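So the structure is just underneath, and the comments pick up after that.
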Amino acid sequence: MNPDKTCFAASVRKRIIEATLHAGVSHIGGSLSVVEVLRCLFNGILGIDAKNLWSRERDQLVLSKGHAALALYAVLVEKGFLPEELFQEYGQKEETVMGIHPELGIPGIDAATGSLGHGLPIGVGFALSFRMKNQPFHVFVLAGDGEFNEGSNWECLPIALHYRLDNLTLIVDRNRLQLSGFTEEMHPLEPLGEKFSAFGWDVKEVDGHNMEAVGEVLREAKNRKNGLPLVVIAQTVKGRGVVEIENKVDSHYCGISPEVARKYLDVSFQGGSGVIP
Amino acid sequence: MSDRRAALQEGLVRLIEEGKEIVCVSVDSASRFKKVKDRYPQRIIECGICEQAGMGICAGLALQGLIPVISGYATFLTMRAFEQVRTDICRWFLNVKICGTDTGFSAQYAGFTHQALEDIAILSTLENIVICEPCDYEDTLLMSQYLLGDFHGPVYMRLGARGGEENFFERHREIQMGCFEPLSAETFSGPVDVVIIALGQLVGVGMEVVERLEKRGYRVFLFNARFVKPLSVEMLQKITCATSLIVTLEEHSKVGGLGDVLWRSFQGFDRVPRFLKFGALNNFGFSGKRVALLEKCGLHAQRVEELIVRTLNNGLEVR
Ligand SMILES: Cc1ncc(C[n+]2csc(CCOP(=O)(O)OP(=O)(O)O)c2C)c(N)n1
């Protein structure tokens, strides 16, 4: 394990915790579950750098579960793409562009989201555009599992298959929780992988907190040329890294007490509960 | 066939030939793009019967610099996919062109589910989107060139069904954003007794009403509305100062359509003339021939004439 990887992810987690503490509340659970996936995307997968930050002629990321923007902001600021002052505005000022959901105009944000079920169609539009213009870029869409209650996502599956969009990778953050409960107890999704397979998609499952594994799957995803759209089902834990809220329904949108926060913001903190490698 | 839908296809082919990066998005509605499909099949994206995904895909295409044109039944595009239009497209002023077909009563026997009678009401709540309806073939060609080709930003264009449309003029006046097309003379000037603003194919009814009223000695000025939104304030001021009665004709619910958008625009004006709006009855759920449905709603020359004369004579606004 490369210590830098853990270090980056740990810094992102600290930022999420700190911002939640300052803002009083955030979508902390669903932000903490995507830390490793985002970390991998921005370290070696997405062809994004300071020079092409504002360009559309590069790989694109659509954070379809827009309520987890805090995680993306934290990654962007760690990468140096988002100014520190802007990040500090999260949930702070009377008015700010750094709201709960990502807006266009924030550096590194490729699509404005927040209404669930909108990201995949936009991502398909990106992928079709790259195809039509013969551009070699890849589109990643990161969606929630609860988000797959929305019909507009399912509308896209045959479209992506029909156009053989192997320049599109959907990542589902399979933390098994949505806003008010466990997915399987309220709006069952399983067998999720088989459903995607039945739609003709390629399916990969991965431990969404294992950075080596995630990195490998995403690297392969980006390089594939098999004419098939791909979904990566990332098995994750909502609230990952803050044991007090891990796998809890209430972690969806909550605050964090100064005592709990202090525990994780300690300099020696390397990922919270100690369960993270 | 020389209906408005045929003109859209011709207009799109011309824009593609000019080098515009037009992409036609079909929601199992590829007949709207037949001419494009025949010549430039790679310009068509078929989404199946998926209005929401189709609209979201348009947003993605537009963000990447293409000019997506989505066309299909106006009811489904504006109602099923409203949120995508609002949140993904209009919020960001994306260059997406929405061409809703079968508006008004043109869907005929398809009835309530297919009659777009609230589309303007729904979309006029949104900032940033141009809402328009050409009246015939030539007008559609001009508007396509101007609004789909030259203008950058979201556009909603109302069109009818296939076939059975009237063509009023071989040549139309140049398009000016937010301006009605003057039909009675080169430019509008008053004073007149009544100004009639007709939307789409109802220009035909408007022309008939003008003829009847002029025979009775009234001074009338007729406009082809073209635009519902935005509307030029300067033009509206000119009109309100030069007439004692304004009449709108539209194949749309009387709630929230051209009439209401116009009425809202008069806010703050010094002088607002009397106002009569003609349109569809609310929750109108009848199937049948277009003319019969128009008749049922009182959208025919004789009744419009009658109400105008009555209003002018007793000075009362009639609803
Ligand atoms: C269309 C829409 N409906 C409702 C919401 C409110 N909402 C925000 S997050 C959320 C739950 C999302 O669950 P999931 O996709 O599993 O995300 P995660 O649990 O990973 O945070 C809901 C219902 C929304 N943002 N958009």
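State the three equivalent ellipsoid semi-axes of the stretch A:136-277, derived from the C-alpha gyration tensor as the square roots of 5 times its eigenvalues, in descending order and whole Å. Don't skip to the answer; put the middle values down first.
Details: eigenvalues 195, 72, 25 Å².
Working through the eigenvalues yields semi-axes of 31, 19, 11 Å.
What percent does the relative contact order of the stretch B:4-158 come to when contacts are Cα pairs within less than 8 Å and at least six residues apart? Display every interim value, and only then the final one.
Details: 285 pairs, mean separation 39.2, N = 155.
Contact order relative to length: 25 percent.
Tell me which of B:GLY56, B:LEU147, B:THR113 sits at the most positive position along the dipole axis of the stretch B:4-158, charges placed on C-beta atoms (Lys, Arg +1; Asp, Glu -1).
B:GLY56
Can you tell me the orientation of helix A:3-23 relative to chain A, as the angle in degrees between its alpha-carbon axis and the longest Cα principal axis, to the nearest 10?
Relative to chain A, helix A:3-23 is tipped by roughly 70 degrees.
What is the extension gain from B:ALA185 to B:PHE284, computed as 0.36 nm multiplied by their sequence separation minus the C-alpha to C-alpha distance, in nm to one decimal? Don't jump to the answer; show the numbers that get you there.
On the way: separation 99, 0.36 × 99 = 35.64 nm, distance 3.55 nm.
Full-extension gain reported as 32.1 nm.
Starting from the Cα of A:HIS187, move 7 Å in the Cα-to-Cβ direction to define the label point; list residues of the stretch A:96-114 whose amide nitrogen is under 20 Å from there.
It comes to A:101-102, A:113-114, nothing else.
What total accessible area, in Å², is buried where chains B and A meet, using a 1.4 Å probe and rounding to the nearest 100?
Numbers: alone 13410 and 11610 Å², together 22970 Å².
For chain B against chain A, roughly 2000 Å² becomes buried.
At a cut-off of 50 Å², which residues of the stretch A:134-155 become less accessible once all protein chains are present than in their chain alone, using a 1.4 Å probe?
For the stretch A:134-155, once contacts with the other chains are taken into account, A:GLU155 lose 50 Å² or more.
Between the alpha-carbon centers of the stretch B:246-319 and the stretch A:44-72, tell me the distance in whole angstrom.
The two parts, judged by their Cα centres, are 51 Å apart.
Over the Cα atoms of the stretch B:1-42, what is the Rg over Rh ratio if Rh follows Kirkwood? Write down the numbers at each step before the final one.
Values: Rg = 9.8 Å, Rh = 10.4 Å.
Looking at the stretch B:1-42, the ratio lands at 0.94.
Quick one: of A:LYS133/B:LYS37; B:LYS254/B:LYS296; A:LYS225/B:LYS20, which pairs are farther than 20 Å apart, Cα to Cα? Write down the numbers at each step before the final one.
Working: A:LYS133/B:LYS37 18 Å; B:LYS254/B:LYS296 14 Å; A:LYS225/B:LYS20 30 Å.
Where the Cα-Cα span goes over 20 Å, the pairs concerned are A:LYS225/B:LYS20.
Under the rule a/c < 1.5 gives rounded, and otherwise a/b versus b/c splits prolate from oblate, where does the stretch B:92-172 land using the Cα gyration tensor?
On the way: a/c = 2.54, a/b = 1.14, b/c = 2.22.
Because a/c hits 1.5 or more and a/b fails to exceed b/c, the stretch B:92-172 counts as oblate.
Counting other Cβ atoms within 10 Å, keep those with at most 15, restrict to DSSP loop, and tell me which GluC sites (Glu not before Pro) in the stretch B:185-228 are left. If you can, show how the numbers build up before the last one.
Working: sites: B:GLU186, B:GLU208, B:GLU211, B:GLU214; in loops: B:GLU186.
Of the GluC sites (Glu not before Pro), the ones in loops of the stretch B:185-228 whose Cβ has at most 15 other Cβ atoms within 10 Å are B:GLU186.
State the three equivalent ellipsoid semi-axes of chain B, derived from the C-alpha gyration tensor as the square roots of 5 times its eigenvalues, in descending order and whole Å. Intermediate values should be presented prior to the final figure.
Values: eigenvalues 215, 77, 67 Å².
After scaling each eigenvalue by five and taking roots: 33, 20, 18 Å.
Assuming a ≥ b ≥ c are the square roots of the Cα gyration tensor eigenvalues, decide whether the stretch B:160-312 counts as rounded (a/c under 1.5), prolate (otherwise, with a/b larger than b/c) or oblate. Mind dumping the intermediate values first?
Details: a/c = 1.33, a/b = 1.32, b/c = 1.01.
Rounded.
Helix-derived [θ] at 222 nm for chain A: sum -39500 (n - 2.57) over DSSP H runs of at least 4, divide by residue count, nearest 500?
Details: 11 runs with 106 residues, N = 277.
-11000 deg cm²/dmol, from helical runs alone.
What's the carbon and sulfur percent of the protein assembly as shown's accessible surface, probe 1.4 angstrom, rounded to a whole number? Working shown, then result.
Values: 11440 of 22970 Å².
Ligands and nucleic acids excluded, carbon and sulfur give 50 percent.
Can you tell me the relative contact order of the stretch B:181-314? Whole percent, Cα pairs under 8 Å, sequence separation 6 or more. Display every interim value, and only then the final one.
Numbers: 203 pairs, mean separation 35.3, N = 134.
It rounds to 26 percent for the stretch B:181-314.
For the residue pair B:ARG39 and B:THR125, what label-to-label distance in nm results when each label sits 7 Å from Cα along the Cα-to-beta-carbon direction?
For B:ARG39 paired with B:THR125, the spin-label model returns 4.0 nm.
Dipole of the protein assembly as shown, Cα-centred, from +1 at each Lys and Arg C-beta and -1 at each Asp and Glu C-beta, to the nearest 20 debye?
Values: 63 positive and 74 negative charges, 149 e Å.
Once rounded to the nearest 20, the dipole reads 720 debye.
Could you work out the per residue convex hull volume over the alpha carbons of the protein assembly as shown, in cubic angstrom? Mind showing how you got there, number by number?
Numbers: hull volume 98.1 nm³, N = 596.
Enclosed volume per residue, from the Cα hull, is 165 Å³.
Taking 8 Å as the Cα distance limit and 6 or more residues as the minimum spacing, I'd like the relative contact order of the stretch A:3-265 as a percentage. List each step's numbers first, then the result.
On the way: 512 pairs, mean separation 67.2, N = 263.
26 percent.
How long is chain A along each principal axis, judged by its Cα atoms, biggest number first, in Å?
Ordered largest first, chain A gives principal extents of 52, 45, 40 Å.
So for the pair A:GLU212, A:LYS133, with labels modelled 7 Å out along Cα→Cβ, what separation do we get in nm?
3.9 nm
Roughly what angle does helix A:69-79 make with the longest principal axis of chain A, taking Cα atoms, 0 to 90 degrees, to the nearest 10?
Helix A:69-79 sits at roughly 80 degrees to that axis.
In chain B, which helices (entire DSSP H runs) extend 27 Å or more along their own long axis, judged by Cα positions, while averaging at least -0.5 on the Kyte-Doolittle scale?
Details: long enough: none.
Both cut-offs are met by no helix.
What accessible area per residue comes out for the protein assembly as shown, rounded to a whole number of Å², with a 1.4 Å probe?
Numbers: 22970 Å² over 596 residues.
For the protein assembly as shown, the solvent-accessible area averages 39 Å² per residue.
Could you state, as a whole-number percent, how many of the C-alpha pairs of the stretch B:1-149 are farther apart than 21 Å? Could the numbers behind the result be given before it?
On the way: 4306 of 11026 pairs.
Result for the distance tail: 39 percent.
Considering only protein heavy atoms, with the full assembly of protein chains and a 1.4 angstrom probe, order A:TRP201, B:TRP263, A:TRP54, A:TRP154 by accessible area, largest first.
On the way: A:TRP201 10, B:TRP263 110, A:TRP54 170, A:TRP154 55 Å².
Greatest to least solvent exposure: A:TRP54, B:TRP263, A:TRP154, A:TRP201.
Separation between the B:VAL272 and B:VAL309 pseudo-spin-labels, each 7 Å from Cα along Cα→Cβ, expressed in nm?
Computed distance between label sites B:VAL272 and B:VAL309 equals 2.9 nm.
The values are calculated or read from the model by the stated rules, or taken from the named source; none is laboratory data. What you see is a predicted model; the values in this text were computed from it and never measured. Note that each Cβ is placed from the backbone with ideal geometry, even for glycine, and that neighbours are counted across all protein chains shown. Heads up: the accessible areas ignore ligands, DNA and RNA and are worked out on the full protein's heavy atoms, side chains in. Shrake-Rupley method; radii C 1.70, N 1.55, O 1.52, S 1.80 Å.
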